[in-house]
1. Consider residue 64 carefully, then state whether it is over 30 Å from residue 28 (Cβ atoms) and either buried (at least 16 other Cβ atoms within 10 Å of the Cβ) or more than 49 Å from the chain's Cα centre (by Cα) (or both).
2. Considering only the stretch 159-175, state which residues are within 45 Å of the chain's Cα centre (by Cα), surrounded by fewer than 16 Cβ atoms within 10 Å (Cβ to Cβ) and not in a helix (DSSP H, G or I).
3. Grab the strands (runs of 3 or more DSSP E) fully contained in the stretch 41-81, keeping just those with 1 or more residues being touching a residue at least 60 places away in the same chain (Cβ under 8 Å).
4. Check the stretch 130-139 and report whether any residue there is in contact with a helix residue (DSSP H, G or I) (Cβ under 8 Å, 6 or more places away or on another chain) and surrounded by 14 or more Cβ atoms within 10 Å (Cβ to Cβ).
5. Pairs only if they're at least six apart or on different chains, beta carbon under 8 angstrom, first in the stretch 11-31 and surrounded by 11 or more Cβ atoms within 10 Å (Cβ to Cβ), second in a helix (DSSP H, G or I); list them, first residue then second.
6. Report yes if some residue within the stretch 75-97 is under 30 Å from residue 17 (Cα atoms) and over 59 Å from the mean Cα position of the chain (by Cα); otherwise report no.
7. Need the failing condition index for residue 156 against (1) in contact with a strand residue (DSSP E or B) (Cβ under 6 Å, 6 or more places away or on another chain); (2) closer than 25 Å to residue 41 by Cβ; (3) not in a helix (DSSP H, G or I), just the number.
8. Name the one entry in 178, 248, 230, 263 that is surrounded by 11 or more Cβ atoms within 10 Å (Cβ to Cβ), assigned to a helix (DSSP H, G or I), modelled with pLDDT under 90 and touching a helix residue (DSSP H, G or I) at 6+ places or on another chain (Cβ under 8 Å).
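The values are calculated or read from the model by the stated rules, or taken from the named source; none is laboratory data. Model, not experiment: these values are computed from the prediction. Cβ placement follows ideal geometry from the backbone for every residue including glycine, while neighbour counts extend to all protein chains displayed.
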């Protein structure tokens, strides 16, 4: 190999080295810190950059993206002297690559230590129960302290989260017992409340049942009374029609003294059938007594033309209670008037029309006179 070829090869290698030292490519979302003779010179942005070879040197490449760092659990003493372990997660971003490079030697370690001290300061003023229920307050306080402290380092803390707060096992057992007791208390309260509501609803149901029962009994009594009233009215109507029928039959038959005496003789055995009728007296002059009785009974006014109100034997009982009641009252009144006339001793046969001479027939549509 000739000396000229060796020189060419050396020049080519030197040119490649020079080009590689001159051209610098910085990836996206990163920044390059350039030093000249150990002193900061400039910051390279993302893309293709040209530097002076052998003089300028890219010392650091800083990542400008948001970074997530998780720190291991740290022991923290609360206000009530309980040791708990808290692990945190920090979300931060480099905003000034120069400050992050020259203001702090290791900003990740610095953030971790600052997080531990700040967390102990904040949690040390809280009880365990308050710390467990105030994560948002701890996160906001921790973020504010870290952001103000890391601002001069060119770092912005975006978010701080507590991954977990772990009390000692004995405290966990006590908390479980407390929680169990609280749940038992709530269960007992709910059970008592349910029994109270059940008793109230039962009493209300009994009240409504008693009211409905009383109302039903009232309606039943009203209906029973109305049924009894209707039954009595119908019974009275039947009796009135029976009396009216008997009177009509008597008037239609035009009885005389012999018939009345015969009916009297038929009633004598029935009089003797009574339990208390152990002794009864028959007059010796029975014929004379019957004649006297017939003369007395014969004074009953008899209308040869029939009864005043004719009864239709084939007619059915009307359902109209009002009309039947009026007719019944009229028939009963007539029967009472006839009975009073029969019981009046002042009435003589001379005052009544004889059987031989029947009274003139009543005018058409009128009521016959007694």
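1. Considered against the rule, which asks whether it is over 30 Å from residue 28 (Cβ atoms) and either buried (at least 16 other Cβ atoms within 10 Å of the Cβ) or more than 49 Å from the chain's Cα centre (by Cα) (or both), residue 64 comes out as no.
2. Once the filter is applied, which keeps residues that are within 45 Å of the chain's Cα centre (by Cα), surrounded by fewer than 16 Cβ atoms within 10 Å (Cβ to Cβ) and not in a helix (DSSP H, G or I), the stretch 159-175 yields 163, 164, 166.
3. Of the strands (runs of 3 or more DSSP E) lying wholly inside the stretch 41-81, those with at least 1 residues that are touching a residue at least 60 places away in the same chain (Cβ under 8 Å) span 67-70.
4. Taking every residue of the stretch 130-139 in turn, at least one turns out to be in contact with a helix residue (DSSP H, G or I) (Cβ under 8 Å, 6 or more places away or on another chain) and surrounded by 14 or more Cβ atoms within 10 Å (Cβ to Cβ).
5. From residues that are surrounded by 11 or more Cβ atoms within 10 Å (Cβ to Cβ), the pairs are 31/97.
6. Taking every residue of the stretch 75-97 in turn, at least one turns out to be under 30 Å from residue 17 (Cα atoms) and over 59 Å from the mean Cα position of the chain (by Cα).
7. Failed condition: (2).
8. Checking each option against the conditions leaves just 230.
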